[in-house]
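Heads up, the thing below is written out as structure tokens.
What follows draws every value from the coordinates through simple rules; no lab data is involved. What you are looking at is a predicted structure, and each value in this text was computed from that prediction instead of being measured. In this analysis, Cβ positions are derived from the backbone assuming ideal geometry, glycine residues included, and neighbour counts consider all displayed protein chains.
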Amino acid sequence: MTTQRSQAETQLLFPAGFAWGAATAAYQIEGAVAADGRGPSIWDTFAHTPGVVLGGDTGDVAVDHYHRFREDVALMSSLGLTAYRFSISWSRVQPHGAGPANAKGLDFYRRLVDALLEAGIEPWPTLYHWDLPQALEDAGGWPERDTAYRFADYAGIVHGALGDRVTNLTTVNEPWCAAFLGYASGDHAPGRREPEASLRAAHHLLLGHGLAARALRGDRTRVGAAVNLYAVTPASEADVDRDAARRIDGLQNRFFLDALLRGRYPDDVLTDVEPYDLGVHDGDLEVIGGPIDMLGVNYYNRFIVTGRAGAAPAITSPFAQASPWPGSEHVGFVRVGRPVTAMGWEIDESGLTEVLTRVAGEYPPVPLYVTENGAAFDDVVSAGGVDDPDRVAYIDAHLRACHDAIGAGVPLRGYFAWSLMDNFEWGWGYAKRFGLVYVDFATQRRIPKSSARWYATVIERGGIGIGTMNT
Ligand code: IFM
């Protein structure tokens, strides 16, 4: 009894039933891009374009999860994960983005889901993590309204195949990135630099979410979306900086939150992007703002912004040339000297508490999950192992931030570390390692880092130690 009490007193415990997970995405891990009838996606095309991905890397092989998923599920099991968030490759399921399902593609996800369930790990599939079938991009991509309807059809196919064994289904992951890195800055596939198209893409991604959510919600299926939110702070109290913060908060956070949770776009953001036509039809926002069962929050860092000329752009790609903020291209991003990850992103866990309490405090109630949070560091193998104390410290600090949010009344129900294992980090190729598990990309050998062992202890104890990092 005494032992139990003293253990509880020295730990920050999370609520019973809290989901302890890790996350990945299809193009970043699966490889096998031509296997079993998979069609090309915009990321296949983009990654094979010279000069857009560091080192000319592609996801052709990635970490070969398509062939090694059983080994990977065993790894998850050894960490004690209770949930695993992954994405489904649309072009495995519908090679050309429309028409009948490719049975072999669906079978892969059936096998994966079954393996997870057998291991006692809850599958959390995401339907769209940026890999639009190339055929749909050829027809105009997300800026075309029809893509939203094609997405809803695809969602129905996946639900038909997996709906009997999957409870939590996420529609779109980080629609901000898909829209604005894909169609405004061109840092991501399909690499277009067309501000109006990017705004239409954002609207149609949300519409696709809404159409899918309306069709799939049911007794068994809980549907939500995952948005990447940032704490946004003006670099100074000057009007020009406060306006910059309003703009970035508007397009990065409120555009998506207001649409999903209130069924409207913020007036000030619509004014900021006034010259552009988003292609909104009557009734769209009712569809987008229809009920959801949970909201995923992806959090990495805080933006400190200025409207003054001469500040640096945000770090969105090694080759960044254009702004991903249409209508607010002048805004600059400032560093304040905090420690950075290998991405150059300053670490600020207080921003996570801030965004979670903001969503819970300012919007209609919805269960929240941190669906991504983690850090890249320059990990090295030494004596057969990988010691990554910086990642342990990062996740420890962010879990404390989650605990603070729960203490403040936020209905936070789970946490997914990004990422389960090292993988293809988009424009950075294989140069940035976010994994709890190290992958030797030449041999595909998986080596759990010390952060993986530490996270396993956290999961086992249901919380983190006060004043220590439970190592
Ligand atoms: O790797 C990405 C992921 O695909 C989406 N969210 C951010 C991660 C780190 O950049």
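Overview of values
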{"quantity": "Separation of the Tyr363 and Thr457 label points, Cα + 7 Å toward Cβ, nm", "calculated": "3.5"}
{"quantity": "Between segment 345-375 and segment 79-130, the alpha-carbon center distance in angstrom", "calculated": "26"}
{"quantity": "41 Å tail of the calculated P(r), the chain, as % of Cα pairs", "calculated": "11"}
{"quantity": "Relative exposure of Asp440, Asp72, Asp36, judged by other C-beta atoms within 10 Å (fewest first)", "calculated": "Asp440, Asp36, Asp72"}
{"quantity": "Net length gained if the chain between Val380 and Asp146 were fully extended (0.36 nm per residue, minus Cα distance)", "calculated": "79.6 nm"}
{"quantity": "Antiparallel bridge percentage (DSSP; both residues within segment 313-471; nearest 5)", "calculated": "65"}
{"quantity": "Unit charges on C-beta of K, R, D, E only; dipole of the chain, Debye", "calculated": "980"}
{"quantity": "Equivalent-ellipsoid semi-axes of segment 237-336, from the Cα gyration tensor, Å, largest first", "calculated": "27, 16, 13"}
{"quantity": "Inter-site label distance for His96 and Thr167 at 7 Å from Cα along Cβ, in nm", "calculated": "4.0"}
{"quantity": "Centre separation in Å (Cα based) which lies between segment 154-210 and segment 433-455", "calculated": "29"}
{"quantity": "Stretchable slack from Lys104 to Arg264, in nm (0.36 nm times residue separation minus alpha-carbon distance)", "calculated": "53.6 nm"}
{"quantity": "Rounded to 5, the percent of DSSP beta bridges in the chain classed as antiparallel", "calculated": "25"}
{"quantity": "Net length gained if the chain between Ile315 and Glu237 were fully extended (0.36 nm per residue, minus Cα distance)", "calculated": "25.7 nm"}
{"quantity": "Pairwise FRET efficiency - Thr271 versus Glu194, Cβ, R0 = 22 Å, nearest 0.05", "calculated": "0.60"}
{"quantity": "Cα pair count fraction exceeding 16 Å, expressed as % - segment 18-86", "calculated": "55"}
{"quantity": "Tensor-based shape of segment 214-284 (alpha-carbon gyration tensor, a/c under 1.5 rounded, otherwise prolate or oblate)", "calculated": "oblate"}
{"quantity": "Extreme residue, positive dipole direction of the chain, given options Gly465, Ala25, Val437 (C-beta unit charges)", "calculated": "Gly465"}
{"quantity": "Estimated dipole of segment 83-160 in Debye, rounded to 20 [Cβ of Lys and Arg +1, of Asp and Glu -1, Cα centre]", "calculated": "120"}
{"quantity": "Arg445-Glu329 pseudo-label distance in nm [points 7 Å out on the Cα-to-Cβ vector]", "calculated": "4.9"}
{"quantity": "Charge dipole (segment 47-184, unit charges on Cβ, about Cα centre) - positive-most of His65, Ala161, Leu75", "calculated": "Ala161"}
{"quantity": "Dipole magnitude of segment 180-289 about its Cα centre (Cβ charges: Lys, Arg +1; Asp, Glu -1), debye to nearest 20", "calculated": "680"}
{"quantity": "Residue exposure sequence - His159, His204, His67 - by fewest surrounding Cβ within 10 Å", "calculated": "His67, His159, His204"}
